[in-house]
Amino acid sequence: MKLVTKLGFGLAVTSFIVFIGCSQAQPTYSEESLGLRKVDLYSESSVIPDKTEYNETAPSTGGKTLDRAFQDAPPMIPHSVDGMLPITVDNNQCVGCHAPEVAPSLGALPYPQSHMINFRPDTSLAADGKITKNGKEIDNTSSEKLADVSIKKLASLSGARFNCSQCHAPQSKGQLVENTFQPDYTTEDGAKKSDWSGSKLTEGLDTLLDK
Ligand code: HEC
Ligand code: HEC
């Protein structure tokens with residue numbers, strides 16, 4: 001065989017193998033199978049999301065609660081919040097039922113210890129630029145001395161927790177996508193109860209808890 005013919009034969013075999021390889025490795029996807037909407041990308045009118053369905057029943061003793069998303073996650077609100085939002089300085093009905101003094105008698109869970117702690121040290125800035133936190137002078141807000149700045153237990157709800165709906169939201173029954181997340185609770189009753197209290201509050205933090 002002449003050299004040119006040999007080369008030509010070699011090239012033909014190689015491209016045949018590449019062709020077979022490609023045609024086997026390329027699955028195709030329809031545009032309906034992409035994304036969450038499961039319809040083609042051109043017809044907006046056929047996009048009907050799951051209905052938002054909040055629980056309409058008023059809070060009640062023995063009412064159903066929802067499992068926590070993960071250990072010490074803020075619980076979702078299982079009852080109706082009709083007439084309770086927005087929370088204002090003069091109207092916070094959540095506190096009226098969830099404050100530790102009243103909650104047990106109403107069959108509600110009291111807000112936990114963490115909500116009665118000031119995680120923000122009292123801070124002041126003097127005319128000469130010196131910053132004081134909880135009475136301790138520091139050079140700047142990333143100063144290492146901050147490690148000694150304690151968090152303080154309060155007698156009642158911390159102002160930072162007043163706006164409950166900032167972190168707690170009602171749960172809708174609609175399900176846009178299947179949730180396959182499996183929480184791995186670190187306490188036995190982790191699905192129903194927070195365990196973020198006591199020494200856990202400062203675990204991993206360079207700070208102290210003032211009693
Ligand atoms: C009339 C009393 C009342 C009011 C007002 C109220 N709750 Fe509740 N809450 C309850 C009761 C009782 C439960 C127990 C379950 C139920 O009935 O749904 C509960 C359950 C909860 C839970 C679930 C706790 C758990 O164990 O998982 C959260 C979170 C919650 N409420 C937050 C709020 C927030 C935020 C507000 C204000 C927007 C509020 N609640 C207003 C009585 C009340
Ligand atoms: C800054 C976010 C935030 C705000 C604001 C907040 N919470 Fe929470 N809440 C959490 C988190 C996070 C948890 C779970 C961890 C913990 O115990 O602190 C929680 C836990 C709870 C629990 C469950 C306690 C338990 O023992 O399992 C209740 C009840 C609750 N909050 C009620 C309230 C109410 C009522 C308000 C308003 C007065 C409020 N929260 C404001 C974040 C918040």
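The values are calculated or read from the model by the stated rules, or taken from the named source; none is laboratory data. Bear in mind the structure is a predicted one, so any value in this text is a computation, not a measurement. No Cβ is skipped: glycine too gets one built from the backbone with ideal geometry, and neighbour counts run over all protein chains shown. Accessible surface is based on the protein model in full, side chains and every heavy atom, while ligands, DNA and RNA are left aside. Shrake-Rupley method; radii C 1.70, N 1.55, O 1.52, S 1.80 Å.
General observations
- Residue match in the stretch 145-166 (condition: closer than 30 Å to ARG37 by Cα and either of a type outside the set (Lys, Arg) or at pLDDT 85 or above (or both)): yes
- Just so you know, in the stretch 114-123 the residues that are more than 7 Å from ligand 2 (Cβ to nearest atom) and of a type outside the set (Val, Ile, Thr) include one that is nearest to PRO75 (Cα to Cα), and it is MET116.
- Looking across the stretch 81-122, the residues that are away from ligand 1 (no atom under 12 Å from the Cβ) and open to solvent by 80 Å² or more (accessible area, probe 1.4 Å) come down to VAL89, ASP90, GLU101, ARG120, ASP122.
- Complete set of residues in the stretch 49-84 that are touching a helix residue (DSSP H, G or I) at 6+ places or on another chain (Cβ under 9 Å) and within 12 Å of ligand 2 (Cβ to nearest atom): PRO59, ASP72, ILE77, VAL81, MET84
- Residue within the stretch 73-90 that is outside any loop (DSSP other than H, G, I, E, B), in contact with a strand residue (DSSP E or B) (Cβ under 9 Å, 6 or more places away or on another chain), among the β-branched types (Val, Ile, Thr) and under 21 Å from HIS115 (Cβ atoms) present: yes
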